[in-house]
Every structure is written in C-alpha cells, then in structure tokens.
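What follows is a short report on a single structure.
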Amino acid sequence: MKKRILLGVTSGIAIYKTLDLVSMLVKNDYDVNVVMTENAKKLINPIIFETLSKNKVYTDVFYRDMDVEVKHIKLALNSDLIVLAPLTANTMAKIANGIADNLLTNIVLAHNKKMILVPSMNVNMLNNPITQRNIKQLEKDHIVMESDFGHLACGDYGKGKFPQAKRIFEQIESYFVDKDLQDKKVLIGCGATIENIDPVRYISNFSSGKMGNELALCAKRRGAIVTVVCGNVKSDYRDFGINYIDVKTNEQMYEQLNKYFNDTDILLMPAAPVDFKVKNKKDTKIKKIKDCKNYDPIEIEENIDILKNLTKNKKKQFVVGFAAETNSVKEYAISKLKDKNLNLIVANDVSNKNIGFNSDFNKVFIISKDEIKETEVLTKREIANKILDSIVEKKCL
Ligand code: PMT
C-alpha cells in the first residue's frame, strides 16, 4: 500500500523548492497531501501543489467541504509521516511550544509520531538563541534536518539554505526502514583502485562502485554509522550522512581502512583493488615515440592484498569479502573465505556482462562456513539488503 505523507508547507522563500520534493515523492509512489499555512498561500498558489500531488491542498481549519469530520484529526491520523518543509522560525516556535492556531499546527499537535522537520531561514534567524533552543527541544521527539550552507535569498551567506530535495527524500525513505543496524559501525571498501604508470596514465579495472555505494546507503538507512573508503569512482550518496574518504591506490585504501578497522563492527569489501602495481613507474610523462619497440616495457609487481592484511588483526569484526570470478564461482569463493579469514563471502560471476561490474544488477552466492544462499538477478540495492539481512541473521552483532 502507498505510504501517506502529509507535507506541511510554511511561508519560507524556499517554498518553490518543495515542489521538486512533491514530484519526487509522487513519482516514487507516495501519496502526498499538502497542508499550507495562510502565509504560504501568499507565496505560491495551492493549485501548483494540487496539480503535482494530485490531491486537494488543505489550508483553513474552519473551512468545511462535504464531510463533517474533524479535518485536522483525520489528516493527522491518516498519514504515515508528517514532513514540514520549509519550516519557518515562526511555525517552529509554535510547534516547540504546543501552540495550535491554524490547521497545520493543529494537525501537528494531534499527530503523536516522530516527524521530519526541514527548517529553512536567514542565517541570523537560525543562529538566534531562541531558534536554537527550539531546535534542541524539537530534536528530542523529531528528526530536525540540518540546513545547507551557501548563498541565502536575502543576500546573506551562511547556514539556513533549504536542503536539496534528494536529501529530504532520502530522509523520508530512511524513516520507513527498520533500524536493525542501529549505531553499528560499518566500514566499506568501495570501487576500483588505480596504480600509476606515469603521472597521467594508470592501471585499473571496471568497478563502478555501485555495489559498495548501495551497501553504504542500505546500511545507513538501517541505522548504521557508515564510513566508505572510496576508490576512483563516483557516488550520488555523499550528502546522505555517510562518511566518504577518497583514495586512489591500494596502499591508500589499506591505510584508511586500517585506521578505522579496530573500531568497526562490520567490514564489507566489494572494492576491486588492483592486484598489480608498476615496478618501473615514471615520475614524468612518458613521451610518445614513433617506434613502439623503443618504449620501456611496463614491469608489474604484486600489490598489497588489503583484506588479507586487515583480517590478520581481526577481533570482534564481522568481515564480508567479495569474490569476482569467471568460472568455478562457488569453489574459488569458498577457498577465499578461508584464505582471507572471512565470516561471509559474496561471489559473483563477472564474465556475465549484464551483472557484476558497472551494472545496476547482480546475481550472487552468499557463502558462510555452514551455508550457501543463491539469489536471483536483482538490483544491487536488493542484493545489498540481502547481504545485510544475512549478517543480521547470523546474530553476531
Ligand atoms: O563496483 P561495481 O561496478 O558495482 O562492481 C561490483 C564488483 C563486481 C566489483 C563486486 O561485486 C566484486 O565482486 N568485488 C570484488 C572484486 C575483487 O577484487 O574480487 P577478488 O576475488 O579479486 O578479491 C577477493 C576479495 O579480496 C575482495 O573482497 C577484494 O576486495 C579483496 N582484495 C582483492 C585484491 C587485493 N589486492 N586486495 C583485496 O583486499
């Protein structure tokens, strides 16, 4: 069944940005009911919200249409989540003090569940001790999102900017996920490393970091404190409260993972570190020459095995490795499980172009000492959740 979001809109100048949020929610199958304050209506016509949400917009507590129900109680009870965005200092102050003098504040008072609040205002209003006290008060019962930093509509520069719609959307998605990894420290090695040939050329592989990023997002949604040591790949999840540390080489990835490993509950290693490095790496760019025979051959040497070195100091950590294989997938994976001292290994067939490297899909074996589970072809987000389910099932946490 569709989740019902009640979106309370107050008269912040960022109100137009809420339109993006509404369409993002509707596209992702949420049922959105918008409630506007009278002042919000002066900034934007409710018809725009009605068109995007495909639902009537409510504004006045005394207005009655066909039904005789008490509207604010019905709206409060019928919603799975209330989000207030943008939330002005004025409405925030009312809510913090239990004042109910319009439809929106009446609904809020009648709704006894945790809400998501998105304050947005001038930096001086935000920093005012009264506003700060109100935020602290509201944080006891609700999720108060931190505003962004930057140029504000009034010309000032500082904190108070309305967050990007995708960050609010992520907070909403996360709200509905069970927090079975609450406060667990999850460390992830993600993406491809690179090893330089000269200052402008390198050896690497086709890992896109998608598997690692999906694991990070799912673990974060499930309540974990997530650190990603990220190779030479992109991520769309950098603003979602995940700690990203960028590295290039195997040595750097090892150094950063090792720094966090002692204090980690779960290490996940979908990274594809380069197995070789260049022995005769040049400090200056190799010049193009006509006859290829005159180039110095590139000599390679073995690179550090990050996982194997980390697990030498394994204590309480639950360690999950990955195995990228092209044949005898399960057999090779089982030998890596033992050799690398892992609790679990996730094996995928990287010879299949539709899954594995740089695809949004994968099909894996999740292998522990006593069990092998095989998945269908699923999205990497679904695979990530299956891996986290297996860790939770093992009850090693
Ligand atoms: O990033 P994507 O495009 O989403 O693709 C995902 C993936 C295919 C990269 C991922 O699912 C995967 O299979 N990751 C493991 C890649 C790999 O290096 O496999 P391996 O079998 O060579 O290594 C076994 C384990 O040792 C892995 O956990 C690997 O991170 C680790 N390793 C490998 C080499 C090395 N020098 N140091 C390591 O720590």
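Amide H to amide H, with H built 1.01 Å from N, Ile197 comes under 5 Å of Tyr202, Ile203, counting only residues 5 or more places away or on other chains. In segment 210-308, a dipole from Cβ-located charges (positive for Lys and Arg, negative for Asp and Glu) runs towards its positive end, and of Thr284, Ile242, Met253 it is Thr284 whose Cα lies farthest in that direction. In the chain, the convex hull through the Cα atoms has an average projected area of 25.4 nm², a quarter of its surface area. Translational diffusion of segment 263-310 was estimated from the Stokes-Einstein equation, with Rh taken as the Kirkwood radius over Cα pairs; at 10 °C and 1.306 mPa s the coefficient is 112 µm²/s.
Across segment 210-308, Cα pairs under 8 Å and at least six residues apart give a relative contact order of 24 percent. Over the Cα atoms of segment 186-305, Rg to Rh with Kirkwood Rh, two decimal places? In segment 186-305, Rg relative to Rh is 1.08.
Take 285-297, 124-136, 199-211 and order them by the average number of nearby Cβ atoms within 10 Å per residue, most first; the result is 199-211, 124-136, 285-297. Backbone phi angles across segment 7-19, fed through the Karplus curve with coefficients 6.51, -1.76 and 1.60 (θ = phi - 60°), yield HN-Hα couplings of 9, x, 10, 10, 8, x, 5, 7, 3, 5, 6, 5, 4 Hz in residue order; Gly and Pro are listed as x. Neighbouring Cβ atoms within 10 Å as the yardstick, rank Thr51, Thr10 fewest first. Listing Thr51, Thr10 from fewest to most nearby Cβ atoms yields Thr51, Thr10.
Projection of the Cα convex hull of segment 30-170, averaged over all directions and equal to a quarter of that hull's surface, yields 8.8 nm².
Taking the square roots of 5 times each eigenvalue of the Cα gyration tensor of segment 233-284, largest first, gives ellipsoid semi-axes of 25, 15, 10 Å.
The 3J(HN,Hα) values that the Karplus relation (6.51, -1.76, 1.60; θ = phi - 60°) gives for segment 310-327 are, in residue order, 5, 6, 4, 9, 6, 10, 7, 5, 8, 10, 10, x, 10, 10, 9, 10, 10, 7 Hz. Gly and Pro appear as x. Across segment 99-227 the C-alpha pair distances fall into 10 Å bins from zero in the proportions 10, 26, 29, 21, 10, 3, 1 percent. Label-to-label distance for Lys136 and Lys290 is 7.7 nm, based on points extended 7 Å past Cα in the beta-carbon direction. Computed from phi, the 3J(HN,Hα) profile of segment 252-267 under the Karplus parametrisation 6.51, -1.76, 1.60 (θ = phi - 60°) reads 5, 5, 4, 4, 6, 5, 5, 4, 9, 4, 3, 9, 10, 8, 9, 10 Hz, with x in place of Gly and Pro.
Is segment 318-397 best put as rounded, prolate or oblate by its Cα gyration tensor, with a ≥ b ≥ c the root eigenvalues, rounded for a/c under 1.5, and otherwise prolate when a/b is larger than b/c, oblate when not? Cα axes put segment 318-397 in the oblate bin.
What you get for the chain, charging only the Cβ of Lys and Arg (+1) and of Asp and Glu (-1), is a dipole of about 400 debye around the Cα centre. Taking a sphere under 10 Å around the Cβ of Lys3 and counting the other residues whose Cβ falls inside, with K and R at +1 and D and E at -1, yields a net charge of -2. Could you identify which residue out of Ser11, Ser120, Ser335 has the top mean-square fluctuation in a GNM of the chain using Cα springs shorter than 10 Å? Looking only at Ser11, Ser120, Ser335, the biggest GNM fluctuation is shown by Ser335.
Relative to the dominant Cα principal axis of the chain, helix 210-221 is inclined by about 40°.
Just so you know, all these numbers are worked out from the coordinates, no wet-lab data involved. These numbers were taken from a predicted model, which means no experiment stands behind them. Glycine gets a Cβ as well: all are built from the backbone with ideal geometry, and neighbour counts include every protein chain shown.
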